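Note sheet for the following structure.
The values are calculated or read from the model by the stated rules, or taken from the named source; none is laboratory data. Bear in mind that the values here come from a model prediction, so they are computed numbers and not experimental data. Heads up, the Cβs are rebuilt from the backbone with ideal geometry, glycines too, and the neighbour counts pull from every protein chain shown. With ligands, DNA and RNA removed, areas are computed over all heavy atoms of the protein, side chains included. Shrake-Rupley method; radii C 1.70, N 1.55, O 1.52, S 1.80 Å.
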Amino acid sequence: MIAWLLATTHAHADKPTLAALAPARDARQAVAIGPAGEVYAPDGNGAWVRTQAGGMAEEVVTATAIGATVIAGAKGSTPFKLKRGAWTALVLPLKTKPILGTGSRVLAVAGKSVFALDKLQPKKLVDVPPEVTVTALGASAAGVMLATDKGLMRIVKGKLAPLKHKKAPKSVRALVNDRWALVDRGVLDLKTLKPYLWPSGVHIVEATTLGNDFIGVSMHGKTVELISIKGGKPVREKVPIDNPKQVVGVVADKQQRVAIALRDGRIALRVRGTWTISEVREELAAPKPGPAPAESK
């Protein structure tokens, strides 16, 4: 099934807005996604451009990637994959509203089952007990973590196992992957259960990981900061964005490049320690003329 919303082929009258940023091995190659599935691809010169009309009939709320394939999480709908400019639904076996997971390994939960989407086809990993409700899940190649109404749980040898430790929290604000979670006033390392608490006013609004390191974006008033935890040491860096709006995505790569997307269509890109700010733009092709209307004789 393809959810395809035909759009006009001229540029929008309104300024483009963004809803998510799909990761890539090179942060400069991350793909920016609009709320109706508009695709803004990197142009190779540090900017992001939409060259093809169309989108989806659902509201995009998050984005990730499996290899070079972009996956979008839609509000109250199944995930979608981007193929040849069209969004195709990743249909899960159960007709329920799925939850798309976070982290470098892409998972989803639908009903009482957890599915891996590694091969772009759902593969069931485990069934959740009827009395347990999953609220979020995060994963990497190292493991899978679930946030549930009964506390944090992991998948161990094909079965769900509670995270048993006297320091284990009953709930978290969000899972970043199977290792990192956002908690009140900070971040929790789920491997060591060591919390990293921020000063008052620091609030993580978007986060990702790079290997074992945590990468987050904090927004307080008109101040945006990149906050990293590398080797157990927190590092804070101010991002030079004037009058910032809502942050909707962050991508980091092994060369220390970072891309941060804002709702208002701006993307902050750090390369070799220097930040540049660009705005996504639209360069849609003019509509092709069709045949003249038929005339009666």
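Some notes on this structure:
- Under 24 Å from the Cα of LYS245 - lysines, other chains or at least 8 residues apart: LYS15, LYS75, LYS222
- Note on region 46-126: Rg/Rh from C-alpha atoms, Kirkwood Rh, equals 0.98.
- Local charge for ASP242 was computed over the other residues whose Cβ lies under 14 Å away, with Lys and Arg +1 and Asp and Glu -1, and equals +2.
- Residue-count net charge about ASP264 - beta-carbon cut-off 9 Å; Lys, Arg +1, Asp, Glu -1: +3
- Think of a 1.4 Å ball rolled over the protein heavy atoms: the chain then has 53 Å² of accessible area per residue.
- Solvent-accessible surface ranking, highest first, for HIS203, HIS220 at 1.4 angstrom: HIS220, HIS203
- Region 181-228, Cα convex hull volume normalised per residue, Å³: 65 Å³
- Largest to smallest accessible area among LEU120, LEU190 [probe 1.4 Å]: LEU120, LEU190
- Average silhouette area of the chain, convex hull of alpha-carbon atoms, in square nanometres: 18.4 nm²
- Normalised per residue, the volume of the convex hull around the Cα set of region 167-297 (Å³): 192 Å³
- Positive minus negative residues near ASP213 (Lys, Arg vs Asp, Glu; Cβ under 13 Å): +3
- Mean projected area in nm² (Cα convex hull; one quarter of hull surface) for region 147-198: 3.6 nm²
- Per-residue SASA entry for TRP48, accessible area with 1.4 Å probe, Å² rounded to 10: 0 Å²
- Working from label points 7 Å from Cα in the Cα-to-Cβ sense, the ASN243 to SER200 distance is 3.0 nm.
- Approximate spin-label separation ILE277-ALA68, in nm, with each point projected 7 Å along Cα-to-Cβ: 3.3 nm
- Modelled FRET efficiency - R0 30 Å, ALA161 with LYS254, Cβ distances, 0.05 increments: 0.40
- Of the GluC sites (Glu not before Pro) found in region 54-157, the ones in coil according to DSSP and having at most 10 other Cβ atoms within 10 Å of their Cβ are GLU131.
- Under-5 Å amide H pairs with PHE115, H placed in peptide plane, nonlocal only: ALA108, VAL109, ALA110, LEU125
- Additional length obtainable on full extension of the chain from ALA47 to ARG236, 0.36 nm per residue less Cα span: 65.5 nm
- With both labels modelled 7 Å from their Cα along Cα-to-Cβ, the ASN212 to LYS150 distance reads 3.1 nm.
- Region 24-123: trypsin sites (Lys or Arg not before Pro) falling in loop per DSSP and having at most 16 other Cβ within 10 Å: ARG25, LYS75, ARG84, LYS95, LYS112, LYS119
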